[in-house]
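Here is the structure we will look at.
The values are calculated or read from the model by the stated rules, or taken from the named source; none is laboratory data. The structure presented is a predicted model; accordingly, all values stated were derived computationally and were not measured. FYI the Cβ positions are ideal-geometry reconstructions off the backbone, even for glycines, and counts take in every protein chain you see.
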Amino acid sequence: MAIQFKQQQLSNGLTVVAECDDAAHTSAVGFFVRAGSRDESREVMGVSHFLEHMVFKGSERRSAADVNREFDEIGANYNAYTSQEATVFYGQVLPEMLPRAVDLIADLLCPSLRDEDFEVEKQVILEEIGMYEDRPALRLQEHLLEKHFGEHPLAHRVLGTPESIQALTAVQMRQYFQQRYGADSIIVAAGGKLDFAQLIDQLEDLTGRWGPTGAQRRYDEPVLKSAEHTLADPRLSRHYVAMLCPAPSTQDERRYAARVLADVIGDADGSRFYWNLIDPGLADEAEFSYFSADRLGSYFAFASCDVKRSGQVEQIMLRTLDDYAASIDDGEIERARNKIATESTVRGETPMGRMQSVGTRWLYLNDYTPLEEEVQRILAVTPDQVRELVEQMPFQPRTLCRLCPGEDAAAAKRHQ
């Protein structure tokens, strides 16, 4: 039987989507919650990620030890993650174990959220934030997001800040859970070998008590303007620089051209950043990436290098972007789109990969695209489309942030 897409909305408003493949040897399921750092107020920044941790502490039916033991019993490859726009809980198992995996994850989303677990996990989160502080590239990226987006909620840190986590209360967390974790804010996606009718019946039984919350995401436009910022840290020995500028959103058909463009300019191998910065030994890291978000998008550039080469590296990085429209090479476009198409196909050959793709696409676009069609859209990107995109969105306005060795940020900037 050919691969089939199926979709149904349950009586409580929960949406279920699945790509069924009888030839697959595994099954995957994910619960996609439309709740991320973008949906938080500044006062409770980090609560979405905190909740991701807390749901594994158990429910009325299971303790934390039960959750871990039962996932191990069914041999599940399982985990969860939180982003700016979603929190996702997922598992991949043998087909006969799928009902147990669905039962487990659905039960996770009915957490006890006990005060004693909250206080213990708060220390875990603070330790995790501290680990990020010890990684210069991640610290710079968070600072860049804050400077670029300003008062817009996309500036919020996914983990929160030490101050926001310290001030967060269990009551605030439970309130946020009630506001964001409703049937109308969750999409269940499945992939691989599965019985869709059985899945629907099971979810009707497991989630029948879940009601809607009516939660809505705000779509305020960020106020963007070009700016530069410099941080100094005497513990560092390397120079780090990062940049953000506007790009197509997830809903924009130009996103396919943006993916190809980002690969040509800044992929790890064979890109212009590679040949201009890595191959000559000027930088030890250099990348240019495309991130699409809900009705917004960004290009992200990053490089790290010896302090003595910092000015040269920054100049080459920005010149590569500014000169690109006048030097688009058809061969580069062809190589990039073939590489992206191959990578997308490889990811799509597993039920886990397809479940993630189907769930994410429904979360943002409320539609389904078969893998073959998605690959063809990538392969159909032309040099003219990339050229038009650069003309329409010419890497401006852009926010540039540096993280440099030294005691004084102003002094560090004068050395650029």
Residues that are in contact with a helix residue (DSSP H, G or I) (Cβ under 9 Å, 6 or more places away or on another chain) and more than 15 Å from Q216 (Cβ to Cβ), drawn from the stretch 184-198: I187, V188, A189, A190, G191, G192, K193, L194, D195, Q198
Quick check on the stretch 330-356: of everything there that is over 23 Å from the mean Cα position of the chain (by Cα) and touching a residue at least 12 places away in the same chain (Cβ under 8 Å), which residue is surrounded by the most Cβ atoms within 10 Å (Cβ to Cβ)? I333
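Considering only residues that are β-branched (V, I, T) and touching a residue at least 40 places away in the same chain (Cβ under 8 Å), look in the stretch 190-218 and name the one that is farthest from V29 (Cα to Cα).
Among those residues, the one meeting the criterion is T207.
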Quick check on the stretch 179-200: of everything there that is in contact with an Asp or Glu (Cβ under 7 Å, 6 or more places away or on another chain) and within 19 Å of G353 (Cα to Cα), which residue is surrounded by the most Cβ atoms within 10 Å (Cβ to Cβ)? G191
Counted residues, the stretch 291-303 - those being buried (at least 20 other Cβ atoms within 10 Å of the Cβ) and in contact with a strand residue (DSSP E or B) (Cβ under 6 Å, 6 or more places away or on another chain): 6
Just one of H156, H152, H143, H148 is in contact with a Cys (Cβ under 6 Å, 6 or more places away or on another chain) and at pLDDT 95 or above; which is it? H143
Could you check how many residues of the stretch 222-257 are surrounded by fewer than 23 Cβ atoms within 10 Å (Cβ to Cβ) and either acidic (D, E) or within 20 Å of I378 (Cα to Cα) (or both)? 10
Residue among V241, V188, V223 that alone is in contact with a Phe, Trp or Tyr (Cβ under 8 Å, 6 or more places away or on another chain) and more than 25 Å from D22 (Cα to Cα): V241
Every residue from the stretch 357-375 that is within 19 Å of the chain's Cα centre (by Cα), in contact (Cβ under 8 Å) with a residue 24 or more places away in the chain and surrounded by 15 or more Cβ atoms within 10 Å (Cβ to Cβ): V358, G359, T360, W362, L363, Y364
Y368 vs. criteria in contact with a Lys or Arg (Cβ under 8 Å, 6 or more places away or on another chain), of a type in the set (F, W, Y) and not assigned by TED's automatic domain parsing to the domain that holds A18: yes
Give me the residue from the stretch 1-48 that is surrounded by fewer than 21 Cβ atoms within 10 Å (Cβ to Cβ) and of a type in the set (D, E, K, R) and, out of that set, farthest from G348 (Cα to Cα). E43
